[in-house]
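The values are calculated or read from the model by the stated rules, or taken from the named source; none is laboratory data. None of the values given here were measured: they were computed from a predicted structure. So basically every Cβ, Gly included, is an ideal-geometry build from the backbone, and we count neighbours across all protein chains shown. Accessible surface areas use protein heavy atoms only, side chains included; no ligands, DNA or RNA. Shrake-Rupley method; radii C 1.70, N 1.55, O 1.52, S 1.80 Å.
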Amino acid sequence: MYWNESIECMDREQLREIQNRRLKKIVNYCYHNTPFYRKKFQEMDLSPEDIQGIDDITKLPFTDKTDLRDTYPFGLAAVPMSQIVRIHASSGTTGKPVVVLHTRKDISMWTEAISRAFTAYGATKDDIFQISYGYGLFTGGLGAHDGATNIGASVIPMSSGNTQKQITLMHDFGSTALCCTPSYAMFLGEAMRESEWPREEFKLRFGAFGAEPWTEDMRVKLEESLGIKAYDIYGLSEIAGPGVGFECECQNGTHLNEDYFFPEIVNPDTGEPMPEGELGELCFTHLTKEGMPLLRYRTHDLTALHYERCSCGRTLVRMDRILGRCDDMLIIRGVNVFPSQIEAVILKQEEFEPHFMLEVDRVNNTDTSMLKVEVKEEYFTDNMADMVALQKKLEGELRSVIGLGFKVKLVEPKGIERSTGKAKRVIDKRKFK
């Protein structure tokens, strides 16, 4: 199903022409409306006339999260605040929050993007969306809300948390679509199994899960747990929020709405462009944003892009699953480790729940790693020999796949705290030493 077939299936040469025209326009717009970019251009001896199309995008300066924090709160605004109708912001847990500004047109564009996503999942006006992303400054709740409303569906604005009420209303209201983080979806699946109602009485058909990286093995677990089709939805607040990218029914990569958000893959160390299909850091340039357009914004997400037409008929570029973030990558005793790699190993073992916590420390100038993993109820036992064998089995699998020895600590069912938002998987105590 398509929401906007003329764009989603457009000939790539035609799409390139649109991107060329829009890039020239947005560069000129940024230069004349955002002092931050005008100063950067002047420092680089660059003028808007130097950018004639997408092929010139590498001449433009990068933008990073530090730039957004340094210009806090409204230093990157390209319009007067009287034209801003929505302000979103990050939590600011690592410093000043990242502020994002939207005009009425920006909200409309974002809503169009997420409407494409939901329609690709098979959603129609007959669906009932239970939106369990957080509402408020986080973009997930309101973004998904607007997209579902736009396609004519019914919306239950649940927000996150209050899990028992989530399950009750999911059952009583007949929710057919669930929007939340994958980790919270797993929590809801547990609550559904423990509820007074059999799963057959729930009407969920599909879920739109995002805001944190997740694996194919997690997809299988979610589909088994909730009895649904699980789809990945991609977004980040600085660019728009959920709906920047979406899976189709083929689930062979995430289509990016590249008529609005132009993607690049660059070497995370040098910033040089990477060839098609090569792993690197994802960057986006706004092509139509009014309130706070960003040029070559470095997401720190690691992935690759593929441009051949998808079996679904869409020509929009497809992105591989996010391996992780450049700044999420841990180096433990010289080995590069992503939390998603650990999750993938755990989920291939039938004895474990997809809940874990990795604690990394440094003792006597040597890195240490303790991985706490939750055991399924049917495999958790007081028999010490059985538990030691299970521990050694997982330690062996981790060493084989990741190439690093982890000390595994098995914990009882529900022994790891659940999250209603983004799951916290790593505590790196080395940062404080």
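For this structure, a couple of remarks:
- Any pair with Cβ under 6 angstrom, 6 or more apart, that starts in the stretch 243-263 at a residue that is without any contact (Cβ under 8 Å) to a residue 60 or more places away in the chain and ends at one that is among the charged types (D, E, K, R) and open to solvent by less than 10 Å² (accessible area, probe 1.4 Å): none
- Test: residue in the stretch 166-175 that is within 17 Å of the chain's Cα centre (by Cα) and assigned to a loop (DSSP other than H, G, I, E, B): no
- The one condition in (1) out of contact with any Asp or Glu (no Cβ under 8 Å at 6 or more places or on another chain); (2) farther than 19 Å from Asp259 by Cβ; (3) of a type in the set (D, E, K, R) that Arg325 fails to fulfil: (1)
- Residue list for the stretch 49-76, restricted to those being β-branched (Val, Ile, Thr), open to solvent by 60 Å² or more (accessible area, probe 1.4 Å) and at pLDDT 95 or above: Thr58
- As a summary of the residue check, Leu46 satisfies the conditions (1) surrounded by 14 or more Cβ atoms within 10 Å (Cβ to Cβ); (2) without any contact (Cβ under 8 Å) to a residue 24 or more places away in the chain; (3) assigned to a helix (DSSP H, G or I) except for the one numbered (3).
The rows are residues; the columns are (1) surrounded by fewer than 23 Cβ atoms within 10 Å (Cβ to Cβ); (2) assigned to a loop (DSSP other than H, G, I, E, B); (3) in contact with a Ser or Thr (Cβ under 7 Å, 6 or more places away or on another chain).
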residue: Lys203; (1), (2), (3): yes, yes, yes
residue: Ala208; (1), (2), (3): no, no, no
residue: Ala211; (1), (2), (3): no, yes, yes
residue: Arg219; (1), (2), (3): yes, no, no
residue: Leu222; (1), (2), (3): no, no, no
residue: Tyr231; (1), (2), (3): no, no, no
residue: Tyr234; (1), (2), (3): no, no, yes
residue: Ile239; (1), (2), (3): no, yes, no
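- Screening Lys96 on (1) surrounded by fewer than 22 Cβ atoms within 10 Å (Cβ to Cβ); (2) not in a loop (DSSP other than H, G, I, E, B) shows it passes everything except condition (2).
- Of all the residues in the stretch 306-320, those that are in contact with a strand residue (DSSP E or B) (Cβ under 7 Å, 6 or more places away or on another chain) and either open to solvent by less than 10 Å² (accessible area, probe 1.4 Å) or touching a residue at least 60 places away in the same chain (Cβ under 8 Å) (or both) number 7.
- For Gly143, the criteria (1) under 22 Å from Thr299 (Cα atoms); (2) touching a Cys at 6+ places or on another chain (Cβ under 7 Å) hold in every case but one, which is (2).
- Here the strands (runs of 3 or more DSSP E) wholly within the stretch 245-343 that include at least 2 residues being of a type outside the set (Ser, Thr, Tyr) and under 30 Å from Asn365 (Cα atoms) are 297-303, 330-332, 335-337.
- Leading residue by the ranking (farthest from Met357 (Cα to Cα)) among those in the stretch 374-404 that are of a type in the set (Gly, Ala, Ser) and out of contact with any strand residue (DSSP E or B) (no Cβ under 7 Å at 6 or more places or on another chain): Ala385
- Scanning the stretch 165-184 for residues that are modelled with pLDDT under 95 and either among the small types (Gly, Ala, Ser) or more than 17 Å from Ile114 (Cα to Cα) (or both) turns up Pro182, Ser183, Tyr184.
- Test: residue in the stretch 132-142 that is closer than 25 Å to Ile87 by Cα, among the small types (Gly, Ala, Ser) and surrounded by fewer than 18 Cβ atoms within 10 Å (Cβ to Cβ): yes
- Selected residue (criterion: nearest to Pro293 (Cα to Cα)) from residues of the stretch 49-76 that are of a type in the set (A, V, I, L, M) and in a helix (DSSP H, G or I): Leu68
- Annotation note: of Phe338, Phe284, the sole residue that is surrounded by 18 or more Cβ atoms within 10 Å (Cβ to Cβ) and modelled with pLDDT under 95 is Phe338.
- Within the stretch 20-41, the presence of a residue that is open to solvent by less than 50 Å² (accessible area, probe 1.4 Å), in contact with an Asp or Glu (Cβ under 9 Å, 6 or more places away or on another chain), touching a residue at least 60 places away in the same chain (Cβ under 8 Å) and not in a helix (DSSP H, G or I) is excluded.
- The set of residues in the stretch 307-342 being within 16 Å of the chain's Cα centre (by Cα) and either charged (D, E, K, R) or at positive phi (or both) consists of Arg318, Asp320, Arg321, Gly324, Arg325, Asp327, Asp328.
- Considered as a group, the residues in the stretch 64-97 that are in contact with a Lys or Arg (Cβ under 6 Å, 6 or more places away or on another chain) and of a type outside the set (Gly, Ala, Ser) include one that is farthest from His300 (Cα to Cα), and that residue is Val85.
- Meeting the requirement of 3 or more residues that are open to solvent by less than 70 Å² (accessible area, probe 1.4 Å) and in contact (Cβ under 8 Å) with a residue 60 or more places away in the chain, the strands (runs of 3 or more DSSP E) wholly within the stretch 345-433 are 352-363, 426-428.
- Candidates Ala113, Ala191, Ala144, Ala117 - the one that is within 20 Å of Ser419 (Cα to Cα) and either β-branched (Val, Ile, Thr) or under 18 Å from the mean Cα position of the chain (by Cα) (or both): Ala144
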